[in-house]
1. Please work out whether region B:40-104 counts as rounded, prolate or oblate from its C-alpha gyration tensor, where a ≥ b ≥ c are the square roots of the eigenvalues and a/c under 1.5 means rounded, while otherwise a/b larger than b/c means prolate and anything else oblate?
2. Taking the Cα centre of chain A as origin and charging only Cβ (+1 Lys, Arg; -1 Asp, Glu), how large is the dipole, in debye to the nearest 20?
3. What percent of all Cα-Cα pairs in region B:113-186 falls in each 5 Å bin, counting up from 0?
4. Would you tell me the mean number of C-beta atoms belonging to other protein chains that fall within 10 Å of each C-beta in A:322-328, as a whole number?
5. With the Cα gyration tensor of region B:293-335 in hand, give its eigenvalues times 5 under a square root as the equivalent ellipsoid semi-axes, listed largest first in whole angstrom.
6. Quick one: putting +1 on the C-beta of Lys and Arg, -1 on the C-beta of Asp and Glu, what dipole do you get for region B:279-358 around its Cα centre, in Debye to the nearest 20?
7. Which residue fluctuates most in the GNM of chain A (Cα springs below 10 Å): A:Lys283, A:Lys49, A:Lys160?
8. When the Kirkwood radius is taken over all Cα pairs of chain A, what Stokes-Einstein diffusion coefficient follows at 4 °C and 1.567 mPa s, in µm²/s?
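Read-outs throughout are calculated quantities, based only on the coordinates presented, and are distinct from any laboratory measurement. In this text the structure is predicted, and so the values were computed from the model without any measurement. Positions of Cβ are backbone-derived with ideal geometry, glycine not excepted, and every protein chain shown enters the neighbour counts.
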Protein chains: 2
Amino acid sequence: MDMKKYALVMAGGKGERFWPWSRSSEPKQFLTLTGRRSLIQQTWDRLQKFFSPENIFVATGQSFVSLVHKHLPRLPENNILVEPVGRNTAPCIGLAALRLQKIDPQAIMLVLPADHLVTNKKVFQQCLEQCLRLAERGESLITIGIKPTRPETGYGYIEKREMPLNEKNGVYHIKQFVEKPDLEKAQEYLAKGNFYWNSGIFAWRTELILAKIQKYLPDLYHGLKEIEPFMGTPLEKEALEKLFPGLPSVSIDYGIMEKEKNILMVQGDFGWDDLGSWTSLAKQFREEGRDNVSKGQHLGIATKDCLVYAEDTLVATLGVSDLVIVQSNGVVLVCSMERAQQVKDLVGELKTKGLEQYL
Amino acid sequence: MDMKKYALVMAGGKGERFWPWSRSSEPKQFLTLTGRRSLIQQTWDRLQKFFSPENIFVATGQSFVSLVHKHLPRLPENNILVEPVGRNTAPCIGLAALRLQKIDPQAIMLVLPADHLVTNKKVFQQCLEQCLRLAERGESLITIGIKPTRPETGYGYIEKREMPLNEKNGVYHIKQFVEKPDLEKAQEYLAKGNFYWNSGIFAWRTELILAKIQKYLPDLYHGLKEIEPFMGTPLEKEALEKLFPGLPSVSIDYGIMEKEKNILMVQGDFGWDDLGSWTSLAKQFREEGRDNVSKGQHLGIATKDCLVYAEDTLVATLGVSDLVIVQSNGVVLVCSMERAQQVKDLVGELKTKGLEQYL
């Protein structure tokens, strides 16, 4: 059975929400935000129980290939799927499914982002085991839902049905996937109790997800089929460069999960955060019991609830609160905690103004 | 008459309130905050109408002597009074008075800080002329009071008597000098209308101020008299180094002006600010019609009423207001506008923590 399971680690993120810490040359998945291993390394470590290095694939952009090798030296060279351009998650997952299908038509595929935080590795692995077992049946798409602890507006949600498939093991039929809500809706979801955070972790047989792509995203399916004959041949790279950019840019959530009804959700309770912004990082640190979160040389007087990252200068603060202050790579960012999710607006503005040297 | 008038420019300030822009090696008086000339150069320029370079003296600390020469190349070398240590304004003024007394027993002495902002040079000079004329009489200490435009808590105040000496020329007997008030008191002063800002600009005959020092600060007078025999001799420097540190550290305001009753105030209406903190600098800039005040590379989204100074990095701001953000000399300061007057607390804290490399 071990032969048939593969993991696809999605590591294509540009990490704009952590700018300027994650400049475009080193996005979030390669940063060591907690502990001593980078996020992609921690993801790799968590997979070792179920997947040998040969069975782990990493999808990323051309410019990050050498970083992936550096962070994951045991990953076989051929196990990197290079996306010539970013086309969101559905084309990436579809391409990987085709690739695995060629290796093993019965392949089971785990899909997970490279840059999430998991606090309890053991519980995570128990949950993963369940997902893989359910996926093996080949009947449903499987996903992990996280019990929400706050009315988070930065995540998508999954509404579960009341009747569980297996309540003891925390497996439920789902009612619907819903997009990131506004605060009011998020509070409603939290109060209702049957809404879970969409973790972005999925498991399925490759043949099943390809069938769903064919059903819900026929254009994508058609495009993938054009690429398929070249896969594993010397022309693969050229074919990808020519054909991948023409694939529709669509997320697996929007393109498949929001439309498909036959989805099972495994409840995950392993301390999860997608670390989507400075705010969530600050939250994470605060749960570790700190007041201000400082890395580097920080001197604060009358300073409260601030996240301060000082790479190579002193950051001094006086009479401020709820700020994210980041000094890194020749840039200083000062941002209110509540606006930290919009840091990518600054990145966009820099592009507009031709100030690419700061990206 | 021109022979008897001298100006003492006090340039000993360490400029801690503008840290980190003004590191201890280059305090505020040497910064070019407005226009193209440094503050001490602007002060020099304003004095040219009444004082030849030979009649201008500059008091400063040993470490700033070369900066003074650099900024004021026409100042004769012997016209720098070097204070071996800072002992506030009264000892400095007393020492200068003794020095001038030796040159001319009838000397009239103008005392003014090196680092204030004056918007209307012509009106300033008219006011100065009046002060010098009144000082010449040798009857009273003369000072300039600034009509307040806001309930400023960063300045000392002068309460004038109702009966003017010369209302037409804006000359009044004073009732009292008062220390920096709290906000409530400052609002009261502003409403009353007979309170003026203490500009720190004074004029008097040297013999008169020395008599007042003898009366109100006998310890200081005694100490100065010990130094006097060495003044102008090859032993002057040694005598100062030995005896000056023993002088009582006291301001002319607290030591003399708050006690003496025979003081005349000339009303000054020439656009004045002591630029005592980032806040007052921001105010000054805002009066020039700007919303955010930025120098250097600043990118702001949803940013209001901020003072941003970026020396050699990009400063990006998002969703913040009323902040002072200064990137300079390997330090980043982020401070609320209302706390900007307390930046010297940070400087003190750095000293306490042995982080002198950032001062």
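1. Values: a/c = 1.76, a/b = 1.16, b/c = 1.51.
Taking the square roots of the gyration eigenvalues as a ≥ b ≥ c, region B:40-104 is oblate.
2. Numbers: 45 positive and 44 negative charges, 110 e Å.
Computed about the Cα centre, the dipole is about 520 debye.
3. Final binned percentages: 3, 13, 20, 23, 22, 14, 4, 1.
4. Working: counts 2, 6, 3, 3, 2, 6, 1.
Taking all residues of A:322-328 together, the mean is 3.
5. Values: eigenvalues 51, 22, 12 Å².
The three semi-axes for region B:293-335 are 16, 10, 8 Å.
6. Numbers: 9 positive and 11 negative charges, 15 e Å.
Dipole size: approximately 80 debye.
7. Checking each option, the largest mean-square fluctuation is seen for A:Lys49.
8. Working: Rh = 21.4 Å.
For the chosen part, D equals 61 µm²/s.
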